[in-house]
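**Q** A single structure is presented below for examination.
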Protein chains: 2
Amino acid sequence: MFINFVFLKSKKSHMYTFSEENYLKAIFHLERMYPSGVSTNALAEQMETKASSVTDMIKKLSDKDLVNYKKYQGVKLSRAGKHTAVSVIRKHRLWEVFLVEKLNFNWDEVHDVAEQLEHIQSEKLIKELDRFLEFPKRDPHGDPIPDAEGNFAVFNKVLLADLDKGEAGICVGVRDSTPAFLQFLDKHNISLGKEIKVMEKEDFDQSMKIKLDQAELRISHQISGNLYIKTT
Amino acid sequence: MFINFVFLKSKKSHMYTFSEENYLKAIFHLERMYPSGVSTNALAEQMETKASSVTDMIKKLSDKDLVNYKKYQGVKLSRAGKHTAVSVIRKHRLWEVFLVEKLNFNWDEVHDVAEQLEHIQSEKLIKELDRFLEFPKRDPHGDPIPDAEGNFAVFNKVLLADLDKGEAGICVGVRDSTPAFLQFLDKHNISLGKEIKVMEKEDFDQSMKIKLDQAELRISHQISGNLYIKTT
DNA sequence: ATATATTTTTAGACTTATCTAAAAATTGCA
DNA sequence: TGCAATTTTTAGATAAGTCTAAAAATATAT
């Protein structure tokens, strides 16, 4: 959505442009899907830009030792690159919590603003924000917030789609956090913390009937495949 | 301190780059001192940049009808330019309040972070931040926060230096808000809201002896000339 | 294995915001 | 008033991040 860049007079060594930080974050997220290296095209799609631009930026990141890169081989984050990416993700998610908890934002409204706030440079700001929010462990979509050292708490969660008939659990996160999906969930009163039980599951299209708040609801595989559940 | 710029894909008409916003803000502040028009050099000094860069930017702002500009005649903000400048100042000062009130920042630490936060684009963010902070009227340095319509509350304040012997008032603001001055005030327990009474005033160097918290303190004209007082 | 298709990189260009150096306009002083 | 000093603008460069179009490398498929 945004293409931003920042320059700071008397730039400190560990300060990167908005664009660099956005690339590092994108590579971090894509590395889960492509653990052997993120391709130029995959990154271009994620960044909503052209492959040629990606190549240019990868070279820049590689020169700064933020990524390991060999031509035509894709990129992986270096230790330093991962550190920066995680720090940006931490800031993004803390700001999301702030927006929802303190500023009355709905969970489908926070992303674009957090995309801007995540680039604010101030150690103290984020340390104090964390304290102010009482050290939250998850953002409004259920995604884990890495601690100041960059460690993600591990949660045992499973997709609702993978539950069998009769199984139940607590809704703890969303895989898709686009406004459209989140608004769908709002509309049907599905929110984090709610108990969901699988009443029926169709072999044909994987749709299921679930119990939620004493009511029953039929949902498609596209829905159940994007909801994370902690089984009880 | 910072030179920033932002681009947004599918840029809305009333969105400006960091740099544009910073120039508008600087012109706004300088217009008080130069009501007939802000000179290129004055603006260059304020922006810590070169006159040639200022000329370039002024042309850009003029093309966008944010300033009125005739070559060699200096600039003045247009109605639209003033609107944007005030909006940035509003955001800056609200964020300063947030940092001090909620995040334990001292008043000498807020400026650089607020310089970054003031450029975040979100109507809702600033509306909700204002509400969250309970609609503050002044920032931590006593400067007025314009309301959502851009109106500044008018305060009747006077420089401590202009008080005569025997006069007293409440400290309501600082003219200089550099960390060095603010730290000096902290060190001597001078803060907003305190009552100050002029006990003696030297004709020779304008220094004065003031009463503060039952104690007496001798301060130079450089100090009294940067403290705003509301006379009681 | 070789030709085709796809992916990736390179080359050259554009924009924003900056700079230096030189030219033009204005101001100020004697 | 007229020449020097100052201020402002112009001209030409640079850097970051982007783009398009073409070339190079890799992957695929018969």
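We did not get these values from a lab; they are worked out from the coordinates using the rules stated. From a predicted model like this one, the values you see are computed outputs, not experimental measurements. Positions of Cβ are backbone-derived with ideal geometry, glycine not excepted, and every protein chain shown enters the neighbour counts.
**Q** Shielding of A:113-125 by partners, i.e. mean partner chain Cβ atoms within 10 Å per residue?
**A** Per residue, the number of nearby Cβ atoms from other chains is 4 on average.
**Q** Something else: More than 24 angstrom separation, counting every C-alpha pair in the range B:127-232; what % is that?
**A** In whole percent, the share of Cα-Cα pairs in the range B:127-232 beyond 24 Å is 28.
**Q** Kyte-Doolittle cut-off -1.0, length cut-off 24 Å along the helix's own axis using Cα: show which whole DSSP H helices in chain B pass.
**A** TM-like helix candidates: B:79-101.
**Q** For the range B:51-163, what does the relative contact order come out to in percent, with C-alpha contacts under 8 Å and a separation of six or more?
**A** 22 percent.
**Q** Grab the other residues whose beta carbon is less than 11 angstrom from that of B:GLY81, score K and R as +1, D and E as -1, and report the net.
**A** Result for the neighbourhood of B:GLY81: +1.
**Q** Another question, then. What length, rounded to one decimal in nm, is gained on full extension from A:ASP164 through to A:ALA80, with 0.36 nm per residue of separation minus their alpha-carbon distance?
**A** Fully extending the segment from A:ASP164 to A:ALA80 adds 26.0 nm.
**Q** Further, regarding this structure: At a Förster radius of 60 Å, what calculated FRET efficiency corresponds to the Cβ-Cβ distance of B:PHE155 and A:PHE204, to the nearest 0.05?
**A** 0.25
**Q** OK, next. For the range A:38-123, what number of Lys pairs, 8 or more residues apart or on separate chains, have alpha-carbon atoms under 23 Å from each other?
**A** Number of lysine pairs found: 22.
**Q** Sequence gap at least 6, Cα distance under 8 Å: using those rules, report the relative contact order of chain B to the nearest whole percent.
**A** 14 percent
**Q** Lysines near A:LYS187 by alpha-carbon distance under 18 Å, same-chain residues fewer than 8 away left out - which ones?
**A** Output for A:LYS187: A:LYS209, A:LYS211.
**Q** Next question, about the same structure. Please tell me the relative contact order of the range B:147-232 in percent, rounded to the nearest whole number, where contacts are Cα pairs under 8 Å and at least six residues apart.
**A** So the answer I get is 42 percent.
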